[in-house]
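For reference, the structure is listed below as structure tokens.
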Amino acid sequence: MIRSSEDIIIRTVSRVLVPFIQLFALYVIAHGHYSPGGGFQGGVILGASLVLLLITYGPRETRKHISEKSVTVFSSLGVLIYSGIGFICLLLLGNYLDYGKLSGLLHVAPAEARSLGILGIEIGVGITVMAIMFSIFFDISSGGKPPEDEKE
Amino acid sequence: MSTFFLVIGLGLCILVFFVLYRVVFGPGVFNRIAAISAIGTKTLIILLIMGFVYGRVEMFVDISLVYALLNFIGVLAASKFLEMEKEL
């Protein structure tokens, strides 16, 4: 069981660092097609910020920020965004994930529609990866016990 | 200038092996954790130097920033794991 850390250096550093890590993760997701990175990498960095929160402040404090229910909702929401964009392309008489067909819906040129479609896909992937990464770490560190048993 | 950075990078690559000795044979766990952290820092600098060699620093800065963050979190997690081990 991970306990919250009393060390003032770790607490202060992680409190200062967590917003910057999340901002950087958003940058990695948004610039996935120009620089290294993308949905998966940005999602892993977002998940790492939550893992840092869990390591420093313990499971109970972290659950206030991101609850079991929101982890489940986020992990399904990303898949929904991904497959939703794919199916919209299918409904617009294209192939699955054929972003060029989105140009009529978004009122932009086909090339720009492809760029926006890939951005949407990466946002979906990032949300799912963040939730799953955090969920895996939380479940392993708590030994698979339900959260009610952690109050000791 | 590229040769200068290449030589510095190769020197740092060789220095990593000295620290790796401390990881493998180091007495105690704390030496190993400190040595792993040092290797992470060296890798970060090597990545930046590779960026200078390839002439694309702005790309490698992103990678090394992520590397620094994950190195910090990894060392913290390893220390936390040791703390838990003591309780068991």
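Quick grid of which residues meet (1) more than 12 Å from every other protein chain (Cβ to nearest Cβ); (2) part of a helix (DSSP H, G or I); (3) more than 30 Å from B:Arg56 (Cβ to Cβ):
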| residue | (1), (2), (3) |
| --- | --- |
| A:Ser35 | no, no, no |
| A:Ala48 | no, yes, no |
| A:Ile55 | no, yes, yes |
| A:Arg63 | yes, yes, yes |
Q | Pick from region A:8-32, criterion without any contact (Cβ under 8 Å) to a residue 40 or more places away in the chain and within 10 Å of another protein chain (Cβ to nearest Cβ), ranking: surrounded by the fewest Cβ atoms within 10 Å (Cβ to Cβ) | A | A:Phe20
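Please find, within region B:44-59, the residue that is nearest to A:Leu26 (Cα to Cα) out of those that are part of a helix (DSSP H, G or I), more than 8 Å from every other protein chain (Cβ to nearest Cβ) and more than 15 Å from the chain's Cα centre (by Cα).
Filtering region B:44-59 down to residues part of a helix (DSSP H, G or I) leaves B:44-54, B:57-59.
Imposing the further condition that a residue be more than 8 Å from every other protein chain (Cβ to nearest Cβ) reduces the set to B:44-54, B:57.
Now drop any that are not more than 15 Å from the chain's Cα centre (by Cα), which leaves B:51-54, B:57.
Numbers: B:Gly51: 23, B:Phe52: 26, B:Val53: 28, B:Tyr54: 26, B:Val57: 20 Å.
Of everything passing the filter in region B:44-59, B:Val57 is nearest to A:Leu26 (Cα to Cα).
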Q.
From the list A:Leu93, A:Leu105, A:Leu46, exactly one residue is aliphatic (A, V, I, L, M), at pLDDT 90 or above and out of contact with any Pro (no Cβ under 9 Å at 6 or more places or on another chain). Which is it?
A. A:Leu46
Q: Collect the residues in region B:1-38 that are small (Gly, Ala, Ser), touching a helix residue (DSSP H, G or I) at 6+ places or on another chain (Cβ under 6 Å) and surrounded by 11 or more Cβ atoms within 10 Å (Cβ to Cβ), keeping them in residue-number order.
A: B:Gly9, B:Gly26, B:Ala35, B:Ser37, B:Ala38
Q: Could you please let me know if A:Leu90 is free of Cβ contacts under 8 Å to residues at least 40 places away in the same chain, away from every other protein chain (no Cβ under 11 Å) and in contact with an Asp or Glu (Cβ under 9 Å, 6 or more places away or on another chain)?
A: yes
Q: Using the structure shown, decide if A:Val125 is assigned to a loop (DSSP other than H, G, I, E, B), touching a helix residue (DSSP H, G or I) at 6+ places or on another chain (Cβ under 9 Å) and of a type in the set (A, V, I, L, M, F, W, C).
A: no
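Within region A:10-26, is even one residue in a helix (DSSP H, G or I) and more than 30 Å from B:Met59 (Cα to Cα)? It would help to see each step written out before you state the result.
So in region A:10-26, the residues in a helix (DSSP H, G or I) come out as A:10-26.
Now drop any that are not more than 30 Å from B:Met59 (Cα to Cα), which leaves A:11.
Checked against the condition, which is being in a helix (DSSP H, G or I) and more than 30 Å from B:Met59 (Cα to Cα), region A:10-26 yields at least one hit.
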Q) Has region B:67-81 got any residue that is in contact (Cβ under 8 Å) with a residue 12 or more places away in the chain and over 29 Å from A:Val18 (Cβ atoms)? A) no
Q) Of (1) of a type in the set (S, T, N, Q); (2) buried (at least 20 other Cβ atoms within 10 Å of the Cβ); (3) more than 14 Å from every other protein chain (Cβ to nearest Cβ), A:Thr72 satisfies all except one. Which? A) (2)
Q: Of the conditions (1) within 14 Å of another protein chain (Cβ to nearest Cβ); (2) more than 17 Å from A:Gly37 (Cβ to Cβ); (3) at pLDDT below 90, B:Asn71 clears all except one; give me its number.
A: (3)
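Taking the options A:Gly37, A:Gly47, name whichever one is buried (at least 18 other Cβ atoms within 10 Å of the Cβ) and over 27 Å from A:Gly143 (Cβ atoms). Step through it out loud before you land on a result.
Numbers: A:Gly47 fails: over 27 Å from A:Gly143 (Cβ atoms).
Every option except A:Gly37 fails the conditions.
Here is a check on your reading of the model: is B:Glu83 over 19 Å from A:Gly37 (Cα atoms), among the acidic types (Asp, Glu) and modelled with pLDDT under 90? Before the answer, list the steps.
Working: over 19 Å from A:Gly37 (Cα atoms): yes; among the acidic types (Asp, Glu): yes; modelled with pLDDT under 90: yes.
Taking the combined requirement at face value, the residue satisfies it.
The values are calculated or read from the model by the stated rules, or taken from the named source; none is laboratory data. Because the structure is predicted, anything quoted here is derived from the model rather than measured. All Cβ positions, even for glycine, are placed from backbone atoms using ideal geometry, and neighbour counts span all protein chains on display.
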